[in-house]
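This report refers to the structure that appears directly beneath it.
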Amino acid sequence: MTHTSNILNSKLREIFGYTSFNPHQREIIDVIQSGRDCLAVLPTGSGKSLCYQLPAILSDKKLAVVVSPLISLMKDQVLQLNQLGEFAVLLNSSLSREDYSTSITRIMSGDTRILYVAPETLMKSHILGILEQISLSFLTVDEAHCISEWGHDFRPEYRQLAAIRERFPALPVLALTATATKRVREDIVANLHMKKPALFVASFDRPNLFLRVKEKNNGFIQLTTFMEKFSNQSGIVYCVSRKETEQIAGKLTKQGISALPYHAGMSAEERNRNQEAFIRDDVNVIVATVAFGMGINKPDVRFVVHYDLPKNIESYYQQIGRAGRDGLPAHCLLLLGYGDISKIRYFINQKENEHEKRIANNQLSVMLGFAEATCCRRIPLLQYFGEHYQKENCGACDNCSGENQNELRDVTVEAQKFLSCVWRTGQMFGMGYIINVLRGSTEKRILQNNHDRLSTWGIGKQHSKQVWQQLGRQLIARGLLTQDPAYGGLKLTAAARPVLRSEKTFFGKMDQGKKPEKTARQKAGTPNRDEVLSDPAKRNLFEELREKRKKLATEMNVPPYVIFSDRTLVEMIKYHPSTLAELSEIHGVGAVKLKRYGEIFLSILNNSR
Ligand code: ADP
Ligand code: ZN
């Protein structure tokens, strides 16, 4: 190891309390320190902030400028940094006059290392004037995809950032984003006039997220059963409609689970209050529409449930990405309702614009490709980001863990019966009729049509109506059958042929009423929180530490995770430090936090012996 990397490592320890760098962090910091431009594409939770925070703090008497579009995120970062030492200031239009001028004074005095600033504030001529008088280390453009019209979050004010390159031509720039497409990447480089930037693109895999998809049959019971494992922990439930978020939050509350809704129909004030309550651990669960999550930096979200099918796989990825940012295991559950899919299909078919229709259909089929995958879920998910997932068994999805093995089986013969019954009745009848023929009904309509003489009449008596419906939905969802949205008539598609000819096996579920087996526990991340806390005494200790953290946070008016993350608390319990020196070895305990909170937490730990 070289001398400088030793210094970096020890500073990482000393200031942030982390033992090692995450993938790419060190390399990115090296590039920054060498003064070269850099574009880093790293998924959410990979620790992008540290890539500029550490070199900025280490730079001698210089100021790093960080542009970010989200005021709440900036505030959060400044709070956290100032817990580590008085390192950062903030400038944006939300500041009071007084706070604004305090920030300016601190910038001028040269005793601060990082300026967080909104793009439109940075471009003001008096701010640029001030920056010209002091010594700058580098410019960071956070959420750099906002500069691209091809990204999902284009912000015109980002386009003006190009001007700053002209004004400060020698200032190196670090662009950070979690959006991976090539087009966006090229746009960033071009629009920021980056000079031969070093490029880092990380894997989009989040190994600590356990991915699970279940067919939705009784959504609310499935939700509460799933949530049993997470009592007193933070989680997000995503729903499609505003009304649903309120209903579900209400029902959860009645069951003694602390939950609040969040959607764009609520007043800004109410939304803020609910979001704050979540961030500060005053409420455990937020039941939200997609409106929730931008700018949420809470590291200890332990689960994300999709109560309805997300619009596309990109939003799904972003939403599950809000879980487990601290690197500890977190769980994602998607409830797949086949009825919902038919509804979505219906709405897509209503679209008049053929191009839009194609895009929507394509997005739906990519989403279903993930939701109905029988292989490792990481394969279709990462494929979307252009990645080829190689591992045999990811160890953190329902398909790899084997918990679905009892659910999926070869149902080719049943599928053939169903499909050929659709064919023989002339591809005009709905599901109910087809099932009645299969089950040998003598209903008047069937007799009138002479369908009791078909070879498929009565060949499916062994299954209940519900079980056949379940199969029928899967045949539709996987595109072997199409359903007339208005009349419900079923038709075969080209995809049905290889199954009918036994050239392709159809794996599916025909298990209505049978309870799925309980899951094998997953292993991921370090340390294993669930394992550590499985002992009731340790669990109590954890609650005690959390309570203390909450109390300190309230006193200081900051979110609890600013004091210590869950991971830090879990490590305290696992390694049980009894001296300040031992405590400083724990993840997330840097010099300042050690001094500020060390004794307080040690006394709780020592009392629990
Ligand atoms: P991103 O911006 O990429 O989504 P953040 O910068 O918010 O990610 O970091 C995510 C979490 O990881 C934070 O809680 C941060 O403190 C933590 N973190 C960052 N770097 C490290 C590291 N080297 N070791 C341990 N934890 C880290
Ligand atoms: Zn897997």
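The values are calculated or read from the model by the stated rules, or taken from the named source; none is laboratory data. This is a predicted model, so every value here is computed, not measured. Positions of Cβ are backbone-derived with ideal geometry, glycine not excepted, and every protein chain shown enters the neighbour counts. Side chains are part of the model used for accessible areas, which takes the heavy atoms of the whole protein and leaves out ligands, DNA and RNA. Shrake-Rupley method; radii C 1.70, N 1.55, O 1.52, S 1.80 Å.
Need the C-alpha centroid separation for the stretch 276-308 versus the stretch 422-487, integer Å.
43
Using only Cα atoms, find the angle between the long axis of helix 97-109 and the longest principal axis of the chain, and express it within 0 to 90 degrees, rounded to the nearest 10.
Here the helix axis deviates by roughly 60 degrees.
Identify the GluC sites (Glu not before Pro) of the stretch 285-367 meeting these criteria: DSSP loop state and at most 10 other C-beta atoms within 10 Å of the C-beta.
For GluC sites (Glu not before Pro) across the stretch 285-367 that sit outside H, G, I, E and B with at most 10 neighbouring Cβ atoms in 10 Å, the list reads E352.
With the full set of protein chains in place, find how many percent of the accessible area of the stretch 3-201 is carbon and sulfur; take the probe as 1.4 Å.
52
What is the calculated FRET efficiency for N450 to F347, with r their C-beta to C-beta distance and R₀ = 45 Å, to the nearest 0.05?
0.75
Specify the inter-centroid distance of the stretch 330-353 and the stretch 60-91, based on alpha-carbon positions, in whole Å.
Computed from Cα coordinates, the inter-centre distance equals 41 Å.
Count the net charge of all other residues whose Cβ sits under 13 Å from the Cβ of L54, scoring Lys and Arg as +1 and Asp and Glu as -1.
With Lys, Arg at +1 and Asp, Glu at -1, the net is +2.
For R159 paired with Q466, estimate the spin-label separation in nm (one decimal), with each label point 7 Å from Cα along the Cα-to-Cβ line.
5.7
By per-residue mean of other Cβ atoms within 10 Å, what is the highest-first order of 541-548, 330-337? Write out the running numbers ahead of the final one.
On the way: 541-548: 17.5, 330-337: 22.9.
Highest-to-lowest ranking by the protection proxy: 330-337, 541-548.
State to the nearest 20 debye the size of the charge dipole of the chain about its Cα centre, where the only charges are +1 on K and R beta carbons and -1 on D and E beta carbons. Mind showing how you got there, number by number?
Values: 81 positive and 64 negative charges, 335 e Å.
I would put it at about 1600 debye.
Counting other Cβ atoms within 10 Å of each Cβ, which trypsin sites (Lys or Arg not before Pro) in the stretch 453-483 have at most 10 and sit in a DSSP loop?
Passing both the DSSP loop test and the Cβ count: K461.
Are there GluC sites (Glu not before Pro) in the stretch 550-598 that DSSP marks as loop and that have at most 14 other Cβ atoms within 10 Å, and which are they?
E585
Probe 1.4 Å, all protein chains in place: accessible area of D281 in Å², nearest 10?
Approximately 30 Å² of D281 is accessible to the 1.4 Å probe.
Could you check how many percent of all C-alpha pairs in the stretch 3-201 are farther apart than 32 Å? List each step's numbers first, then the result.
Numbers: 1967 of 19701 pairs.
Across the stretch 3-201, Cα pairs with separations above 32 Å total 10 percent.
At a probe size of 1.4 Å, how large is the accessible area of E166, to the nearest 10 Å²?
Roughly 140 Å² of E166 is accessible to a 1.4 Å probe.
For the chain, what is the calculated [θ] at 222 nm in deg cm²/dmol (nearest 500), taking -39500 (n - 2.57) for each run of four or more DSSP H residues and dividing by its residue count? All intermediate terms of the calculation are to be shown ahead of the outcome.
Details: 29 runs with 277 residues, N = 609.
Roughly -13000 deg cm²/dmol at 222 nm, from the helical runs in the chain.
Select from N9, A64, W150 the residue farthest towards the positive end of the dipole of the stretch 3-201; place +1 on Cβ of Lys and Arg, -1 on Cβ of Asp and Glu, and compute about the Cα centre.
N9
When the Kirkwood radius is taken over all Cα pairs of the stretch 408-508, what Stokes-Einstein diffusion coefficient follows at 4 °C and 1.567 mPa s, in µm²/s?
Roughly 97 µm²/s, to the nearest whole number.
Along the principal axes of its C-alpha atoms, what lengths does the chain span, in descending order and rounded to whole Å?
For the chain, the Cα extents along the three principal axes come out at 92, 61, 51 Å.
Quick one: accessible area per residue over the chain, 1.4 Å probe, rounded to a whole number of Å²?
Accessible surface, normalised per residue, equals 46 Å².
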